[in-house]
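First comes the structure, then the notes that go with it.
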Amino acid sequence: MVQWVYWVWYAIGAILMLTIGVPEALSFSNGLFLVFYALYVLDLIYQQHRRSDLSDQSVKWLRPGLWIASFIIWLGGMGVEWIGVHTHWPFGEYAYSDFFGIHLFSVPVTLGFAWIAVVGNSALISGGGSTWGGKLVRALKTGFWAIVLDFVLDPVAHARGFWEWQAPGGFYGVPWTNYISWFIMGAFLSLFLPAMPKDRHSLLRAKWLYQLFILLFGLLALKEGITGSFIIAIAGVLLAEGSWLYDSRRKVQSV
């Protein structure tokens, strides 16, 4: 159910953003998009519980681990955003518009869900995480996928007024410290997530989710004249595909 809600929301939003823009009457949909993205990611992460909870598919949503990990990432994301807005560290000097809905201490509440979505989706395509050693390797990969996404997302958000950087510079007006911070925080917060599902179908859907999200903002970057972010978006799509193919072949060889 979650996936269908997300993809319908995604399709409508993509058409509007790439053409006439989102009407003022539908501005509430921007924040909801982040919420649906986060819920879809969590649904994919906890796919493996469906096999042990065959009697009741809803049981997986009641597992404490699901909510604890999600809340930690939401709280961590909101916390670092609060620090960033009020101290200008570690991301740089910036402020949020009302684009993503209600604010809590000058930070949109839905930004916490954005952290869940980006960190979770990046961890999904990184795989592994059943041991602490595996989690550390996954954390580095998660940080990489998160920063690739941020190189596309942040310049577009800045150009469209989703949030505003006070000091120009860096990559298309976004400070380099912002990207470094996304890598570090993405890697760190991923450590709270459980092992990723191993079934090919779930991982394939996670790859498509990442690819289509970064492609959407890549096309928005092209529309805004941000060529560098568009190129990175295409590279991100291809890298995710290459990583998927390599991982699939390695699993086949190990069987």
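The values are calculated or read from the model by the stated rules, or taken from the named source; none is laboratory data. As the structure is a computational prediction, the values presented were derived from the model and not from experiment. Don't worry about glycine lacking a Cβ; one is built from the backbone with ideal geometry, like all the others, and counts go over all protein chains shown. Heavy atoms of the whole protein, side chains included, go into the accessibility calculation; ligands, DNA and RNA do not. Shrake-Rupley method; radii C 1.70, N 1.55, O 1.52, S 1.80 Å.
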- line: Here the net charge surrounding ASP98, from other residues whose Cβ is less than 14 Å away from its Cβ (Lys, Arg +1; Asp, Glu -1), is -1
message: Between 0 and 90 degrees, rounded to the nearest ten: what's the tilt of helix 132-159 against the longest Cα principal axis of the chain?
response: 30
message: Please give me, ordered by residue number, the trypsin sites (Lys or Arg not before Pro) of segment 172-255 that lie in loop per DSSP and have at most 15 other Cβ atoms within 10 Å.
response: LYS198
statement: Residue-ordered couplings for segment 14-31, obtained by feeding phi - 60° into the Karplus form 6.51 cos²θ - 1.76 cosθ + 1.60 and rounding to whole Hz (Gly and Pro as x), are 4, 4, 5, 5, 8, 10, 8, x, 7, x, 4, 5, 10, 4, 4, 5, 5, x
- prompt: Sequence-distant or interchain residues sharing an amide H contact under 5 Å with PHE171, placed H: which?
  reply: TRP176
- prompt: Of PRO175, HIS201, LEU191, which is farthest on the positive side of the dipole of the chain, counting Cα position, with +1 on Lys and Arg Cβ, -1 on Asp and Glu Cβ, and the Cα centre as origin?
  reply: HIS201
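Where only protein heavy atoms count, and the probe is 1.4 Å, what is the accessible area per residue for the chain in Å²?
Per residue, the chain has an accessible area of 48 Å².
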- prompt: Sequence-distant or interchain residues sharing an amide H contact under 5 Å with TYR94, placed H: which?
  reply: GLN166
query: If you take the charge dipole of the chain about its Cα centre, with +1 on Lys and Arg Cβ and -1 on Asp and Glu Cβ, which of ILE12, GLY112, LEU42 is farthest toward its positive end?
result: LEU42
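Return the carbon/sulfur percentage of the accessible area of the chain, one whole number, probe 1.4 Å, all protein chains in place.
Accessible surface attributable to carbon and sulfur in the chain totals 73 percent.
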Amide H contacts under 5 Å for LEU104, placed H, 5+ residues apart: VAL109
statement: About its Cα centre, segment 108-207 carries a charge dipole, from +1 on Lys and Arg Cβ atoms and -1 on Asp and Glu Cβ atoms, whose size in debye to the nearest 20 is 460
- prompt: P(r) tail for segment 109-211, what percent of Cα pairs lie past 16 Å?
  reply: 58
Backbone HN-Hα couplings from phi across segment 180-196 [Karplus 6.51/-1.76/1.60, Hz, Gly and Pro as x]: 4, 5, 5, 4, 5, 5, x, 5, 5, 5, 5, 5, 7, 7, x, 4, 7
- prompt: Could you give the dipole magnitude of the chain about its Cα centre, charging the beta-carbon of Lys and Arg +1 and that of Asp and Glu -1, in debye to the nearest 20?
  reply: 1120
message: Output wanted: per-residue J couplings in Hz (rounded whole) for segment 220-237, from phi through Karplus 6.51 cos²θ - 1.76 cosθ + 1.60, θ = phi - 60°, x for Gly and Pro.
response: 5, 4, 4, 5, 8, x, 9, 4, x, 5, 5, 5, 5, 4, 5, 4, x, 4
